[in-house]
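Nothing in this text is a laboratory measurement; each read-out follows from the coordinates by a stated rule. Only a predicted model underlies this, so the values are computations on that prediction, with no experimental measurement involved. Using ideal geometry, Cβ is built from the backbone for each residue, glycine included, and neighbour counts are taken over all protein chains shown.
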Amino acid sequence: MRSKTILHADLNNCYASIEMLHHPRLRGHPVAVGGSVESRHGIILARNYEARPFGVKVGQTLWEARQKCPKLIIVPPDYEKYLRYSKLFREILSDYSPQVEPFGLDESWVDVTGTEVHGGDGEAIADEIRERVKDELGVTASVGVSFNKIFAKLGSDMKKPDGTTVITEDNYRDVVWPLPAEELLGVGWATKKKLSNYGIGTIGDLANCKPEYLQKWFGKWGLFLHTYANGQDRSPVAFQGSESIIKSVGNSSTCPRDLENDEDAHIVFQNLAESVAERMRDQGLMAKTVQISLRTNDLFWFERQMALPQPSHVSTELCAAAMELLRKNWNWDKPLRSIGIRGTNLVPLDQPRQLHLFYDEERREKAERLEFAIDTIRHRYGHFAIDRALLRIDDKLGKLNPKTEHTIHPIGYL
């Protein structure tokens with residue numbers, strides 16, 4: 001069987017690069033895209049290369065970033081602009097193959113197997129794509145070329161900005177295996193820590209670990225990681241339009257005061273859920289899973305998630321799931337500085353649903369109609385034209401504007 005030729009193209013520092021393109025005065029200065037500057041709200045969503053030497057990182061709070069780089073220029077995100085560039089980027093990629101699979105707004109896989117005869121080998125196609133992105137969009141991209149999706153994505157991270165990396169069946173042991181394990185797709189902070197506890201520090205260590213050990217430690221996911229590390233991933237690149245670019249819809253907020261109990265959290269979760277649910281309805285989507293994120297003042301952070309009994313875009317259902325996760329996983333031994341809610345595992349609104357024996361469909365449909373009516377009022381008269389009584393209990397927590405003050409996370413969230 002012939003090896004595939006798969007590219008992974010990644011716009012470099014996408015949000016920050018687009019802002020500098022539109023505002024030339026920012027060039028040469030350390031720049032970050034982040035949330036509200038006037039309050040405690042917001043994290044760094046993107047930063048340019050001038051900000052990197054100061055230790056400014058994606059995910060840091062604004063005050064942390066400012067401490068490290070006092071001259072940092074922070075600009076608010078403009079998602080409509082980023083979505084426009086994302087669409088143009090995918091249009092370039094679709095010139096080379098109908099198999100273009102987005103992985104967030106600023107990166108996509110492209111399967112060019114069989115098209116190399118027209119445009120050269122995979123590396124030549126990657127170089128051509130990089131040049132077109134520079135000429136047509138005014139920003140740069142890095143591209144990984146490999147025989148599977150996992151290594152192609154790994155390659156796109158290796159030469160930034162504006163580079164091409166080729167990982168083949170002959171060289172991957174030399175190129176990939178010495179890299180830290182956390183650079184492999186699917187190895188997050190918690191998995192990295194657990195792997196380290198077992199003496200696994202590199203991708204090569206992971207590849208050479210016995211699969212039965214990984215399965216014992218991580219369940220089925222351990223076997224996936226072993227497959228990825230050994231270059232055995234065979235997942236196909238989806239065809240253009242076969243799935244939505246939007247992977248999840250979420251909001252998080254660094255609150256104007258610390259949250260100290262369930263009542264505080266309920267107010268903020270409902271506020272965030274209103275915005276998340278509204279954006280899902282606008283896009284004709286529903287979430288099958290709800291995820292929450294919690295962070296304390298000492299920056300301890302974790303996430304938990306649960307499946308919903310039915311796909312939903314109703315804010316009260318999303319909030320109820322968030323509160324259930326909170327009560328099961330948090331005992332309030334520390335106050336919370338920041339919380340977030342996210343709808344994931346998204347499905348189209350018109351997808352057939354299996355009715356649940358113990359689910360009150362009539363009540364649910366009434367809740368949906370109510371929220372669509374609220375959308376209509378808010379679109380016409382403004383977000384605060386109508387509100388829930390719950391959000392009036394505490395002025396500081398209940399009057400946050402989710403459209404302007406809440407951080408909307410990147411990597412495919414809308």
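Between Leu179 and Ile203, Gly204, the built amide H atoms are under 5 Å apart, and every one of these is 5 or more places off in sequence or on another chain. For the stretch 218-232 and the stretch 54-128, what is the separation of their Cα centres, given in Å? Centre-to-centre distance over Cα atoms comes out at 26 Å. For the stretch 251-270 versus the stretch 280-299, the spacing of their alpha-carbon centroids is 14 Å. Distant-in-sequence amide contacts of Ile73, defined by a placed amide H-H separation under 5 Å and a gap of 5 or more residues or a different chain, comprise Val31, Ala32. Per-residue 3J(HN,Hα) values for the stretch 154-166, derived from phi via the Karplus relation 6.51 cos²θ - 1.76 cosθ + 1.60 with θ = phi - 60°, read 4, x, 5, 8, 8, 10, 10, x, 6, x, 10, 10, 10 Hz in sequence order (x marks Gly and Pro). With Cα atoms as the point set, the stretch 301-346 shows a radius of gyration and Dmax of 11.4, 34 Å.
Placing pseudo-labels 7 Å out from each Cα toward the beta carbon at Glu324 and Asp135 gives an inter-label distance of 5.5 nm. A straight Cα-to-Cα reach below 29 Å connects Lys71 with the lysines Lys57, Lys81, Lys134, Lys159, Lys160, Lys403, residues fewer than 8 places away in its own chain not being considered.
Candidate cross-link partners of Lys210 among the lysines, defined by an alpha-carbon separation under 29 Å and a same-chain spacing of 8 or more, comprise Lys4, Lys149, Lys153, Lys192, Lys193, Lys194, Lys220.
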